[in-house]
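Read the structure below first, then the notes.
The values are calculated or read from the model by the stated rules, or taken from the named source; none is laboratory data. This is a predicted model, so every value here is computed, not measured. Positions of Cβ are backbone-derived with ideal geometry, glycine not excepted, and every protein chain shown enters the neighbour counts. Accessible surface is based on the protein model in full, side chains and every heavy atom, while ligands, DNA and RNA are left aside. Shrake-Rupley method; radii C 1.70, N 1.55, O 1.52, S 1.80 Å.
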Amino acid sequence: MSAYHPLSEQEAIELASEITEVFGPEARLTSREIGDGNLNLVFHIRDEHSGRSIIMKQALPYAKVVGESWPLTLDRARIESDALRIQYKLAPGLAPKVYDFKSELALTIMEDLSDHVIMRKGLMEGGRYPHFAEHISTFIANTLFFTSDLGMNQQEKKLQAGAFINPELCKITEDLIFDDPYTVSDNNDYEPAIEDAARALREDAELHLEVALLREKFLTQGQALLHGDLHTGSIFVTPESTKVIDPEFAYYGPMGFDIGALFANLLMNYCGQAYWIKEDDARSEYRSYLLSTMRDVWNLFEAKFRTHWDSSCVDRMAASTPGYQDHYMRRLLQDSIGYAGCKMVRRIVGLSHVADINSISDSAIREQAQRQALAIGTALIKLNRTASSIEQAVDIAAGTSAG
Ligand code: SR1
Ligand code: MG
């Protein structure tokens, strides 16, 4: 199979049969296209004989969420498969195994995770994942530390950063997250009921300064190899297991962007629970669970990152300068809080929403959840540069109603 074209299910089966690591000669393969994301085709290939299965993910040359009018580089498939391989190595068991990558087809062939659920869906159904904070904090601490100037050879890091220049996908983030929500843009997408709140975003000069500073950091700070889109739709879970998928937005950027994405998506589920859990006590209990998860993710991440620093730092100045590690961790917390806020705001007024809130069928409750997410998001953005503790972010969420 040669030049790029979107695969048919039959072609996907033919290519899958070459994965001898999974399928034997007697395999009877079937295929289902299961992609429900914004950008790609995803085939689930199963051997009816052995029950074994794989996933084949093919990038389309445009953004599926918008259509062919929005062309998008196929190189993102190379970036994704290379990032997955690095993450699999640095955080064993927390990313899917890549079996093969076919660059001419922009196709990644990887471990099937369909015994897991997408975390966003799991949270919407009130699921609890007791090992999630432990797992995801290991994933972010390991992948961020060991791809940064603290944890890897600094010349190799520069070369690696070059291989992860990802201009088109970064541009999506720069526009959709750090620009469109604060101006009138064709990309924006929100309901007329919250026009007043959307207008307030456009008119808030204090907010714009904070977003401009966070945007500048996203544009210029190559701190570590980021996942780049670490929302709860990019994480598969079971109560025992966590797997991070979909790093096609990977690039060298500010670490807090990945951590902030996690916080934002836990908090958007928190807002959506106004609808999903009907009973007051159960909803309040679940919301406490979400806030505890956010707190645990930060505290565990911080402890693991500091341990890596103390045991494995390759930078003499960083390792031996009193106060530097504390300063670094504080900036990281501040960035994480600021990016969390930006990510919440974009999911309410910008392109591409989240099901936790968008699929609420009661329009009054949906509006209330949207307003609450905007209120929390803007408060986090305004807090970012002065934050000193994760508890401040938790308190903002717990104390912010729809406004
Ligand atoms: C056009 S892509 C829209 C969004 O989907 C991805 O998950 C990213 O978050 C991106 O911003
Ligand atoms: Mg994705």
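Some points to look at:
- Leading residue by the ranking (nearest to THR307 (Cα to Cα)) among those in segment 131-141 that are buried (at least 21 other Cβ atoms within 10 Å of the Cβ) and of a type outside the set (Ser, Thr, Tyr): ALA141
- When LEU266, LEU300, LEU262 are checked against the criterion of being open to solvent by 10 Å² or more (accessible area, probe 1.4 Å) and at pLDDT 95 or above, LEU300 stands alone in meeting it.
- Of the helices (runs of 4 or more DSSP H) lying entirely inside segment 177-286, those carrying at least 1 residues that are within 30 Å of LEU84 (Cα to Cα) are 205-220, 256-276.
- Neighbours by Cβ (under 7 Å, 6+ apart or cross-chain): first from segment 94-109, touching a residue at least 60 places away in the same chain (Cβ under 8 Å); second among the small types (Gly, Ala, Ser) and surrounded by fewer than 18 Cβ atoms within 10 Å (Cβ to Cβ): GLU104/SER2; GLU104/ALA3
- Qualifying residue in segment 36-50 (condition: under 15 Å from LEU107 (Cα atoms) and among the hydroxyl-bearing types (Ser, Thr, Tyr)): no
- Long-range neighbours under 7 Å by Cβ, at least six apart or interchain, first residue under 17 Å from TYR129 (Cβ atoms) within segment 264-289, second among the aromatic types (Phe, Trp, Tyr) and assigned to a helix (DSSP H, G or I): GLN273/TYR286; ILE277/TYR286; ARG287/TYR270
- Criterion (surrounded by 14 or more Cβ atoms within 10 Å (Cβ to Cβ), more than 18 Å from the chain's Cα centre (by Cα), farther than 18 Å from PRO247 by Cα and aliphatic (A, V, I, L, M)) met by exactly one of ALA12, ALA106: ALA12
- Subset of segment 72-85 (residues that are crowded, with 19+ Cβ neighbours inside 10 Å and among the β-branched types (Val, Ile, Thr)): ILE79
- Strands (runs of 3 or more DSSP E) contained in segment 1-108 and holding at least 2 residues within 16 Å of ligand 2 (Cβ to nearest atom) and closer than 21 Å to HIS227 by Cα: 40-47, 53-59
- When residues of segment 343-364 are limited to those that are out of contact with any Lys or Arg (no Cβ under 7 Å at 6 or more places or on another chain) and assigned to a loop (DSSP other than H, G, I, E, B), the one most open to solvent (accessible area, probe 1.4 Å): SER361
- Checking LYS121, LYS157 one by one, the residue that is surrounded by fewer than 20 Cβ atoms within 10 Å (Cβ to Cβ), among the basic types (Lys, Arg) and in a helix (DSSP H, G or I) is LYS121 and no other.
- LYS243 fulfils the conditions (1) surrounded by fewer than 24 Cβ atoms within 10 Å (Cβ to Cβ); (2) among the charged types (D, E, K, R); (3) closer than 26 Å to ALA369 by Cβ; (4) touching a strand residue (DSSP E or B) at 6+ places or on another chain (Cβ under 8 Å) except for a single criterion, (3).
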